[in-house]
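Structure first, then comments.
The values are calculated or read from the model by the stated rules, or taken from the named source; none is laboratory data. The structure displayed is predicted, hence computed values, not measured ones. Note that each Cβ is placed from the backbone with ideal geometry, even for glycine, and that neighbours are counted across all protein chains shown. Protein only, heavy atoms only, side chains kept; ligands, DNA and RNA dropped before computing areas. Shrake-Rupley method; radii C 1.70, N 1.55, O 1.52, S 1.80 Å.
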Amino acid sequence: MAVTKRSCENLRDALRLPPGEPVDLAAYGTRTTPGAPGGKKPARQDATRMGKRLARLQERLWAAGTAGDRRRVLLVLQGMDTSGKGGTVKHVIGHLNPSGCRIQAFKAPSEEERRHDFLWRVRGALPMPGEIGIFDRSHYEDLLIARVRRLVVPAEIGSRYGLVNDFERSLAEDGVTVIKCFLHLSYEEQRRRLLRRLDRPDKHWKFDPADIDERTLWPAYREAYELALERCAAPYAPWYVVPADRKWYRNWAISRLLLEHLEELDPQYPKGDFDVAECRERLLAQPPG
């Protein structure tokens with residue numbers, strides 16, 4: 001059933017986690033489509049329309065950045081393997097000018113990165129003023145994997161939640177709009193996506209046999225996500241739970257969330273610091289070539 005225009009304009013309210021409350025991911029559907037303008041076809045059509053508005057707003061944000069506006073956007077994508085982080089990046093970037101985007105996919109830390117605190121490599125990948133940054137995985141990996149794999153002692157994991165909150169607060173105070181999206185995938189949908197990768201030779205490069213073993217840790221990862229979502233949800237950096245079993249909805253919802261935040265920022269083109277009429281007169285006075 002189609003939803004009203006008003007509901008589509010407030011997707012943030014529909015998907016935002018309430019800060020300070022316990023998180024039980026079992027209470028959130030993975031195939032639901034809150035706020036969607038109908039099914040797959042209407043959502044894709046709406047995403048195309050949104051793409052034009054996103055492009056205009058991105059250009060205004062970039063232009064404002066050249067004139068000293070420090071505001072920028074950081075889109076953080078987290079989720080289980082195959083939840084669609086890379087696919088979402090491809091979809092969102094398809095609407096935007098790549099020159100105004102900064103994309104970072106965080107893998108296992110290098111030897112150099114291990115010699116620094118866990119936020120060191122993240123600070124170096126942040127968007128500059130006027131840019132839209134996208135993290136395919138993020139600093140939350142050092143809360144999730146480190147907890148599940150017991151890479152650090154529990155006390156250090158506990159302290160990292162506070163460090164992340166302080167870090168994200170400092171970003172907000174410096175003009176960064178932080179949009180954190182948890183792509184909520186079901187256990188069975190992950191199995192189907194892994195099987196499709198095995199069925200297609202052109203997707204074998206994306207498959208790692210270790211992914212099968214990793215699925216045995218699903219309950220531990222779920223608990224780690226629930227703790228991270230609960231302890232690191234704040235008004236200045238909220239979490240959005242995006243149902244991810246339906247790829248078309250995931251893509252539409254992320255685009256919608258980005259659009260709502262950019263519209264709220266409402267960046268403006270900077271005014272020229274020159275005499276438009278005088279420049280026009282000079283240009284017209286030049287002899288033809």
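Just the accessible area for E281, please: 1.4 Å probe, Å², rounded to the nearest 10?
Here the residue's solvent-accessible area equals roughly 130 Å².
Please compare each pair in K180/K206; K52/K271; K85/K271 to a cut-off of 27 Å on the Cα-Cα distance and tell me which ones are over it. Could the numbers behind the result be given before it?
On the way: K180/K206 25 Å; K52/K271 23 Å; K85/K271 37 Å.
Violating the 27 Å limit, Cα to Cα: K85/K271.
How much mean residue ellipticity at 222 nm does the chain get from its helices, if each DSSP H run of length 4 or more adds -39500 (n - 2.57) and you divide by all residues, to the nearest 500 deg cm²/dmol?
Values: 13 runs with 142 residues, N = 289.
Here the helix-only value at 222 nm equals -15000 deg cm²/dmol.
Which order do the peptides 158-168, 129-139, 269-279 take when ranked by the mean count of other beta-carbon atoms within 10 Å per residue, highest first? Can you show the working numbers first?
Details: 158-168: 16.2, 129-139: 21.7, 269-279: 9.5.
Order by mean packing, descending: 129-139, 158-168, 269-279.
Among the helices of the chain (complete DSSP H runs), which have Cα atoms covering no less than 24 Å along the helix axis and a Kyte-Doolittle mean of at least 0.5?
none
When the distances between all Cα atoms of the range 54-127 are binned every 5 Å from zero, what whole-number percent does each bin get?
3, 12, 21, 19, 18, 15, 9, 3, 0
Can you sort Y240, Y221 by 1.4 Å-probe accessible area, starting with the largest?
Y221, Y240
Take the Cα atoms of the range 205-283, build their convex hull, and give its volume per residue in Å³. Don't skip to the answer; put the middle values down first.
On the way: hull volume 17.8 nm³, N = 79.
Normalising the Cα hull of the range 205-283 by residue number yields 226 Å³.
Would you mind classifying the range 1-156 by shape? Square roots of the alpha carbon gyration tensor eigenvalues, ordered a ≥ b ≥ c; an a/c under 1.5 is rounded, otherwise it is prolate if a/b is larger than b/c and oblate if not. Please report the intermediate quantities before stating the final value.
On the way: a/c = 2.11, a/b = 1.23, b/c = 1.71.
Taking the square roots of the gyration eigenvalues as a ≥ b ≥ c, the range 1-156 is oblate.
Heavy atoms only, probe 1.4 Å: what % of the accessible area of the chain goes to carbon and sulfur, would you let me know? Please list the in-between numbers first.
Values: 8140 of 15430 Å².
Carbon and sulfur together cover 53 percent of it.
Please give the solvent-accessible surface of H95 in Å², to the nearest 10, using a probe radius of 1.4 Å with every protein chain present.
Near enough 40 Å² of accessible area.
Using a ≥ b ≥ c from the Cα gyration tensor of the range 76-216 (square roots of the eigenvalues), is it rounded, prolate or oblate, where a/c under 1.5 gives rounded and otherwise the larger of a/b and b/c decides, a/b for prolate? It would help to have the intermediate numbers written out before the result.
Working: a/c = 2.00, a/b = 1.22, b/c = 1.64.
Oblate, because a/c is 1.5 or more while a/b does not exceed b/c.
In percent, what relative contact order does the chain have, based on Cα pairs under 8 Å that are 6 or more apart in sequence? Write down the numbers at each step before the final one.
Working: 408 pairs, mean separation 96.0, N = 289.
Contact order relative to length: 33 percent.
So if R0 is 25 Å, what FRET efficiency would V152 and F207 give, r being the distance between their Cβ atoms, rounded to the nearest 0.05?
It comes out at approximately 0.30.
Taking every eigenvalue of the Cα gyration tensor of the range 159-203, multiplying by 5 and rooting it, what semi-axes result, largest first, whole Å? Mind showing how you got there, number by number?
Working: eigenvalues 279, 34, 18 Å².
Three semi-axes, in Å: 37, 13, 10.
At D81 and R280, where each label point lies 7 Å from the Cα along Cα→Cβ, what is the point-to-point distance in nanometres?
Label at D81, label at R280, 6.2 nm between them.
Can you tell me the FRET efficiency between D266 and Y161 if r is taken as the Cβ-Cβ distance and R0 is 30 Å, rounded to the nearest 0.05? Don't skip to the end; give the middle numbers.
Working: r = 33 Å, r/R0 = 1.09.
E(calc), rounded to 0.05, equals 0.40.
Per residue, what accessible area does the chain have, given a 1.4 Å probe and all protein chains present, in Å²? Each step should come with its number before you reach the end.
Values: 15430 Å² over 289 residues.
I get 53 Å² per residue for this part.
Within 10 Å, count the other beta carbons around each residue, average over each peptide in 29-35, 60-66, and list them highest first. Don't jump to the answer; show the numbers that get you there.
Values: 29-35: 16.9, 60-66: 19.1.
So the order, starting with the most tightly packed, is 60-66, 29-35.
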